[in-house]
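Following: one structure in structure tokens, then a few remarks.
The values are calculated or read from the model by the stated rules, or taken from the named source; none is laboratory data. This structure is a prediction, so every number in the text was calculated from the model and none was measured. Glycine also receives a Cβ, built like all others from the backbone with ideal geometry; neighbour counts cover every protein chain displayed. When the accessible area is computed, the model is the full protein with side chains, heavy atoms only, and any ligands, DNA or RNA have been set aside. Shrake-Rupley method; radii C 1.70, N 1.55, O 1.52, S 1.80 Å.
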Amino acid sequence: MLKRGRGIALSWYGTGYGNGFPDYSVATVELAENGEILLRVGATEVGQGSKTIMPQVCAEVLGIHSDQVHMICEDTREFLDSGTAAASRQTYNTGNAVLKASESFKKALLEEARLYLKLNSTAGLEMADQKIWLPIFPSRKTTFAELASHLKSEGRVLAVTDSFTAQTIGMNPETGEGVPYWPYTFNAYGTEVEVDTETGRVQVLQAWCVQDVGRAINPDLVEGQIDGGFVMGLGYALYEDLGVKDGVIKNNKFAKYIIPTAMDIPTIHKYIVEDPENTAPYGAKGIGEPTMVPVAPAILNAIYDAIGIRIFELPATPDVVLKAIVADREAKAKAAVAEGADANG
Amino acid sequence: MITLNLNVNGKDHRLEIEDHMRLLDVIRGPLGLTGTKEGCGEGECGACTVILDGNAVDSCLVLAAQCEGKKIVTIEGLETADGLDPVQQAFLDNGAVQCGYCIPGMVLSAKALLDKNVAPDDNEIKEAISGNLCRCTGYDKMVKAIKTASEVMQERGEQK
């Protein structure tokens with residue numbers, strides 16, 4: 001028999017290294033010779049989108065288009081280390097370093113403009129579209145390209161480096177006091193499943209993923225992270241089993257270690273919740289890992305809703321689910337017999 | 001050593017190759033087309049997918065010697081003077097790419113499907129790419145991208 005059920009799960013997740021470990025990121029913003037911006041950041045792009053959003057943050061500060069910011073993150077001779085692309089930390093931690101470096105660079109560039117335009121002060125100077133001008137006396141104006149060639153003629157390079165260290169306090173092992181992580185990311189996911197009680201096979205039909213992101217700097221990338229996290233969680237819940245026995249991995253190939261294919265995915269409804277975090281770059285928090293956390297419990301809760309049986313083992317493969325169904329049936333039969341005996345006795 | 005005649009991305013090649021070479025080895029080695037990736041090397045992941053006489057195949061499971069006189073399309077062969085193939089463009093427009101390792105194979109499986117069936121439904125799309133494993137994207141945006149490409153190709157077909 002096919003039985004349907006729905007389940008939800010909620011999670012909160014501290015991003016960054018945490019526990020008082022120094023979580024340090026650094027960025028350098030530089031004026032290139034052609035007036036475009038070089039952003040030197042040791043944030044590894046592994047497909048999550050750091051090379052897209054770091055230039056977005058920098059461009060926002062400088063009032064230019066993100067295409068005019070060239071991020072260099074491939075060659076370790078070209079930038080300082082901003083730590084691992086791990087712990088869901090690059091958006092918040094390195095994003096903050098990029099924000100600070102961009103703001104410091106903006107100040108330094110305005111100071112260069114002041115000198116170049118022979119002004120008393122940078123007060124009232126406007127910056128947008130690679131131009132800098134004084135609205136109260138608009139003929140005093142220059143461009144990024146003009147400043148770049150002026151700097152070059154003087155044999156100078158304008159490059160500003162700034163850093164960000166996250167604020168966490170290690171937990172006291174005796175009292176548990178501390179602030180192990182900051183910030184936290186929240187989410188609430190729901191799933192609808194169909195359980196085949198003859199075979200134990202579970203299929204996820206639909207998913208609803210409500211994800212707090214602080215601020216979605218790039219909504220397309222946020223959706224991509226939700227999709228990816230959900231489907232990895234789906235694999236964890238229903239398919240993926242290393243089969244470690246006596247220290248040896250039994251399922252050491254894709255023929256045996258089953259990850260979801262396109263045919264296993266449900267319709268994924270995605271909802272982005274924006275509640276800006278005040279210590280974050282434009283309010284944005286990391287969601288890389290959090291998107292995976294509530295998936296397995298939401299699926300297991302849906303299985304319970306469908307068949308009234310709790311599964312306590314992952315992955316909930318057909319054999320595991322079927323075993324639980326049979327055990328439940330036998331337990332109920334025994335109870336009925338015992339009840340009958342009681343009634344007769 | 002054997003002599004192998006192949007048409008790859010519209011160009012004829014005459015190659016001297018080792019008898020035991022897989023199609024994948026010829027593509028990445030002598031032909032230097034490294035857009036085709038080797039993932040598992042045993043036909044499970046689809047990263048090495050190419051189009052062989054119109055069908056998407058795992059090039060790690062095909063002996064090069066079996067391909068005498070055949071036509072092969074790799075990811076490098078999709079872009080034309082008119083620009084990217086509709087499937088490539090749709091993957092970009094839909095943000096259907098994350099780390100990118102599976103993408104050449106994924107795009108070619110989609111292309112092979114749409115060349116045979118320009119208006120597939122969701123299940124046909126999912127089935128066509130079910131031999132291509134992706135760990136990052138969760139497939140959702142890929143399915144949408146292939147639908148977008150299907151619509152573009154249908155419009156172009158009507159215009160012709």
Quiz prompt | 1.4 Å probe, heavy atoms, protein only - residues of the stretch B:90-132 losing at least 30 Å² accessible area vs chain alone | solution = B:98, B:126, B:130
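Ordered by packing density, taken as the mean number of other Cβ atoms within 10 Å over each peptide's residues, highest first, how do A:288-295, A:102-109, B:79-86 rank? It would help to have the intermediate numbers written out before the result.
Values: A:288-295: 24.1, A:102-109: 18.9, B:79-86: 12.8.
Per-residue mean Cβ counts within 10 Å order the peptides as A:288-295, A:102-109, B:79-86.
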Quiz item: Which of these, A:316, A:188, A:324, has the largest mean-square fluctuation under a Gaussian network model of chain A (Cα springs below 10 Å)?
Solution: A:324
Self-check item: Candidates A:135, A:219, A:183: whichever shows maximal mean-square fluctuation once chain A is modelled as a Gaussian network with Cα springs under 10 Å
Solution: A:135
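Would you tally the net charge around residue A:301, using a Cβ to Cβ cut-off of less than 10 Å, leaving residue A:301 out, and scoring K and R as +1, D and E as -1? Don't skip to the end; give the middle numbers.
Details: positive: A:6, A:310; negative: A:305.
Around residue A:301, the charge tally is +1.
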Quiz item: Around residue A:243, with a cut-off of 9 angstrom between Cβ atoms, what is the net charge of the other residues, counting Lys and Arg +1 and Asp and Glu -1?
Solution: +2
Quiz item: When the C-alpha atoms of chain B are aligned to their principal axes, what extent does each axis show, in angstrom, from largest down?
Solution: 46, 37, 23
Quiz item: Suppose R0 equals 51 Å; then what is the FRET efficiency for residue A:275 and residue A:255 from their Cβ-Cβ distance, rounded to the nearest 0.05?
Solution: 0.70
Quiz item: For the residue pair residue A:332 and residue A:10, what label-to-label distance in nm results when each label sits 7 Å from Cα along the Cα-to-beta-carbon direction?
Solution: 3.1 nm
Quiz prompt | Selection from B:83, B:32, B:102, by position along the positive dipole direction of chain B (Cβ) | solution = B:83
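With a sphere of radius 13 Å drawn around the Cβ of residue A:216, what net charge do the other residues whose Cβ falls strictly inside it have (Lys, Arg +1; Asp, Glu -1)? Could the numbers behind the result be given before it?
Details: positive: A:215, A:270, A:285; negative: A:212, A:220, A:223, A:274, A:275, A:277.
Charge balance near residue A:216 sits at -3.
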Practice problem: Please give, to one decimal in nm, the separation of the simple spin-label points placed at residue B:127 and residue A:179, each 7 Å out from Cα toward the Cβ. | Solution: 5.6 nm
Exercise. At a Cα cut-off below 20 Å, give the aspartates and glutamates reachable from residue B:70, other chains included and same-chain residues fewer than 8 away excluded.
Key: B:12, B:16, B:18, B:19, B:25, B:53, B:58, B:115
Quiz item: Taking a spot 7 Å from the Cα of residue B:63 along the direction of its beta carbon, which residues of the stretch B:1-43 have an amide N less than 18 Å from it?
Solution: B:1-6, B:15-27, B:42-43
Self-check item: Residue-averaged beta-carbon neighbours from other chains (10 angstrom radius) around A:220-226
Solution: 4
Quiz item: Roughly how many Å is it from the Cα centre of the stretch A:86-110 to that of the stretch A:25-41, as a whole number?
Solution: 11 Å
Quiz item: For residue A:152, which aspartates and glutamates qualify as cross-link partners when the Cα separation must be under 12 Å and same-chain residues fewer than eight apart are set aside?
Solution: A:33
Self-check item: the protein assembly as shown, accessible area per residue, ligands and nucleic acids excluded (1.4 Å, Å²)
Solution: 49 Å²
Quiz item: Using only helices, what value at 222 nm comes out for chain A when you add -39,500 (n - 2.57) per DSSP H run of length 4 or more and divide by the total residues, to the nearest 500 deg cm²/dmol?
Solution: -10500 deg cm²/dmol
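Would you mind working out the magnitude of the charge dipole of the stretch B:86-159 relative to its Cα centre, with +1 at each Lys and Arg C-beta and -1 at each Asp and Glu C-beta, to the nearest 20 Debye? Display every interim value, and only then the final one.
Numbers: 8 positive and 10 negative charges, 61 e Å.
Here the size comes out at about 300 debye.
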Self-check item: Solvent accessible area, Å² - residue B:121, 1.4 Å probe, full protein context
Solution: 80 Å²
Quiz item: Ballpark to the nearest 100 Å², how much total accessible area do A and B bury together, probe 1.4 Å?
Solution: 1900 Å²
Exercise. Name the residues of the stretch A:234-264, by number, that are at least 50 Å² less accessible with every protein chain in place than in the isolated chain; the surface is that of heavy atoms, probe 1.4 Å, without ligands or nucleic acids.
Key: A:254, A:259, A:262, A:263
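Using only the alpha carbons of the protein assembly as shown, what is the convex hull's orientation-averaged projected area in square nanometres?
Details: hull surface 146.2 nm².
Result: 36.5 nm².
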Quiz prompt | Cα-based reach from residue A:285 at 25 Å (exclusive), listing lysines while leaving out same-chain residues under 8 positions away | solution = A:51, A:100, A:106, A:270, B:141
Exercise. Starting from the Cα of residue A:220, step 7 Å toward the Cβ, then list every residue of the stretch B:117-137 with an amide N under 17 Å from that point.
Key: B:137
Practice problem: Using a Gaussian network model of chain A whose springs link C-alpha atoms within less than 10 Å, name the residue from A:286, A:16, A:170 with the highest mean-square fluctuation. | Solution: A:170
Exercise. Counting other Cβ atoms within 10 Å, keep those with at most 15, restrict to DSSP loop, and tell me which GluC sites (Glu not before Pro) in the stretch A:246-345 are left.
Key: A:274, A:313
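Under 8 Å for C-alpha pairs, at least 6 residues apart: give me the relative contact order for chain A, rounded to a whole percent. Show your work: numbers first, answer last.
Values: 743 pairs, mean separation 85.5, N = 345.
Averaging sequence separation for qualifying contacts and normalising by length gives 25 percent for chain A.
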Practice problem: Please report the Cα spread of the stretch B:2-76 along all three principal axes, rounded to whole Å, starting with the longest. | Solution: 29, 24, 20
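Step through the table entries A:253/A:332; A:256/A:323; A:3/A:256, compare each Cα-Cα distance with 30 Å, and write down the pairs that go over it. Present the calculation step by step, with values, prior to reporting the outcome.
Numbers: A:253/A:332 40 Å; A:256/A:323 21 Å; A:3/A:256 27 Å.
Beyond 30 Å between Cα atoms: A:253/A:332.
Could you work out, residue by residue across B:39-45, how many beta carbons of other chains sit within 10 Å of that residue's beta carbon, and then give the average as an integer?
Numbers: counts 1, 3, 1, 3, 2, 7, 3.
For peptide B:39-45, the averaged partner shielding equals 3.
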Quiz item: Expressed in nm to one decimal, what extension gain is obtained for the pair residue A:128 and residue A:244 from 0.36 nm per residue of sequence separation less their Cα-Cα distance?
Solution: 36.0 nm
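For the stretch A:24-164, which whole-number percentage of the solvent-accessible area (1.4 Å probe, protein heavy atoms only) is attributable to carbon and sulfur atoms? Provide the component values of the computation, followed by the final result.
On the way: 3310 of 6560 Å².
Reported share for carbon and sulfur atoms: 50 percent.
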Quiz prompt | Histogram of C-alpha separations across the stretch A:1-57, 5 Å bin width, % | solution = 4, 11, 13, 15, 15, 11, 7, 7, 6, 5, 3, 2, 1, 0
